[in-house]
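Below is one structure, written out as C-alpha cells; comments come after it.
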Amino acid sequence: MNFQHQHAAHCESGVIANLLRHHGVPMSESLAFGLAGALSFAYLPFVKVSGLPLIAYRMPPKAIIKGMIGPLQARFRFETFSAPAAGERRLDELLGQGRLVGVQTSVFWLPYFPPDMRFHFNAHNLLVYGREGQDYLVSDPVFETPMRCPAPDLSRARFARGMLAPKGLLYYPESVGRKEITPEALRHAIRKAAGRMLAPLPIVGVRGMRTLAGRLARLPRDDAGSLDFVGHMVRMQEEIGTGGAGFRFVYAAFLQEAAQIAAMPQLMPLSDRLTAIGDDWRRLALAAARMVKGRDALDPPALARLLRAQADAEESFFRDLRAAVA
Amino acid sequence: MDLDVVPQEGNATLGGHCKLMYARDAGGRLVGVPSRGWEAEEIVTSHAVDVLLARAEAARERAARGLASPLEYWMHQRRMDVALLSQTSGLWQWRVRRHLRPGRFARLSPALLARYAQALGLEVAQLKGLP
C-alpha cells in the first residue's frame, strides 16, 4: 500500500488526518482537530483514573472522527467485536481488500511504547496499513516513523477491558462526499468550541477550570496524596494525549489555517493570543512539576491562582473568538 | 511557543522517541516540530511510574512473607488495581480481593488460575511464583 505516515501531536487527530489524506482530502492534524471542535476542558470528579479525577483538555474519544462526518459529508464505518478472533479476522480481511484501517487500542499492551508510557489508557488510536507474517504494519501518529506490532499483542491491545474499552473497534471511511472545507463549516466549528468553553456548567470549559482551582486550593500541604493529585493534574495536562498546552497550540495552528481558507484575517491575532495562553499552561505545568519533584514547597493555593488566571484568560479569549466569527 | 524554545531535554520516559509539538517559526506561522522531551513531563511521569513500582514492590515483600498472594504482586506489576483486574478477568471485585489472600489463592482451581494468567498476560507457573 502506498501510504504516507505523518507524525502528529495527538493520536486521534493524527490518525484521522493521515486516513483522510490517504483518501485524497488535503487534511492536516490541526485542521482535523479544529474542524471537529475538539478543544475543550472538563473536570469530572466522579470519573476516576487510577483513583484520581478525570481532567480532560479535549472532547471524548471518537469526537474528532465523528466531527469529520458533517463537514466532509463523509460516511464512516465503525465495527466492534465480541470475540478477539473475529476482530482479528475482520482486520485481516479489510487489509486484504487494500484498506487502511483505524483501530482503537489500549496503550499498555503495545510493545513498541516506551515502558514508562505504558499505562492502562484505552482510547489510543492508530492505523494499520498491512500485515507481514505475524506482524502488523502500524502507523501510530505519535511516533516519528511507522512501527511493527506482533498480531497477538495488537489483539490484546484492541480487546483490553476497563474504562473506555475499545471492544476491538475498527473504522474506515466508506465515502467522502466533499474534499474541500467550506468557510461555513469552519465558522460553525469555531462557534461550537467557543460555546462549549463558555458553557454555563460548573464542570466544563472555563467554569470547570475554576471548579478544579477550588478543589486544588483545598488540598492539604503536607499530604502525599496532594502531591499525587498535583502530579496527576500535570500528567493529564501534558502527557496524556498531548495535553492542555499542546491542544492550545494545535488549535492556534488551526486558527491560522482557518484564517487562510475562510479569508478571515481577524483570526490571526487570536491565534497568537491562544499561543500565549498555551505558554502560560506550560508555566503552570512547570510550577506544579517542580513541587512534585520537591524543588519548591507544595503550595496548592498558588497553583489554584495560576489556574484561575488561565480560566480568566480563556474566558475573554473565547468571547472574542465567538465575536470574531459571529 | 517559538521554535527555538521547543524543549529538547532528552526526557528519559520517552525512551528515545520524539513527540510532535506546534511552535511558531520566524514568520509567526505555527508548524509541527519534533521535541525530545521536557523536564516537567519527565518529572510527573516518573512520579506516577514510581508510585506504581513502589506499590508492586510492597506487594512483592508482603507476598514473600506470606502476607499476600502472588496475585497481588502481579496485579500491581501489571499496573492494575482490583477494579481493573476484575474487569479484565471478568470476576467480581470481591472475589478478586479474596484471591489476594495467600490461603485462598493457594486453593484456586486451575481454571481460575488460567483466567488470571490470561488477564495479566502471564503463564500460570509465573503467576504462582514471585520474581
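The numbers here are math on the coordinates, done by the rules we state, and not lab data. From a predicted model like this one, the values you see are computed outputs, not experimental measurements. In this analysis, Cβ positions are derived from the backbone assuming ideal geometry, glycine residues included, and neighbour counts consider all displayed protein chains.
Observations, loosely collected:
- Peptide B:34-41 shows a mean partner chain C-beta count of 5 within 10 Å per residue C-beta.
- For chain A, the longest principal axis of the Cα atoms and the long axis of helix A:300-324 meet at an angle of about 70 degrees.
- Long-range amide H partners of A:VAL47 with built H, under 5 Å: A:LEU54
- Scaled against 2.2 N^0.38 Å for its residue count N, the alpha carbon radius of gyration of region B:55-131 is 0.94.
- In terms of its C-alpha gyration tensor, chain A has an oblate overall shape, because the principal axis ratio a/c (a ≥ b ≥ c, square roots of the eigenvalues) is not below 1.5 and a/b does not outweigh b/c.
- Per-residue mean of C-beta atoms belonging to partner chains within 10 Å, peptide B:18-31: 6
- Exposure proxy order (Cβ contacts within 10 Å, fewest to most) of B:ARG98, A:ARG215: B:ARG98, A:ARG215
- Signed unit charges on C-beta, dipole axis of chain A, positive-most listed residue A:ASN125, A:GLY294, A:HIS188: A:HIS188
- For region A:11-176: rounded, prolate or oblate by the Cα gyration tensor [a/c cutoff 1.5]: oblate
- Peptide-level mean, for A:283-293, of C-beta atoms on other protein chains within 10 Å: 4
- Taking one quarter of the surface of the convex hull spanned by the alpha-carbon atoms of chain B gives a direction-averaged projected area of 10.1 nm².
- Unit charges on C-beta of K, R, D, E only; dipole of the protein assembly as shown, Debye: 1760
- Taking B:MET80, B:MET75 and counting other C-beta atoms within 10 Å, the order from fewest to most: B:MET80, B:MET75
- When the GluC sites (Glu not before Pro) in region A:122-204 are filtered for DSSP coil states and for at most 11 other beta-carbon atoms within 10 Å of their beta-carbon, the remaining sites are A:GLU180.
- Each part gets one Cα centre, and for region A:1-16 versus region B:42-94 those centres are 34 Å apart.
- Two-site FRET efficiency, A:PHE3 against B:ARG107, from Cβ-Cβ distance with R₀ of 45 Å, rounded to 0.05: 0.30
- Rounded Å value of the spacing that divides the Cα centres of region A:175-251 and region A:256-315: 11
- Ordered by the number of other Cβ atoms lying within 10 Å of each residue's own Cβ, fewest first, B:ASP4, A:ASP228, B:ASP25 fall into the sequence B:ASP4, B:ASP25, A:ASP228.
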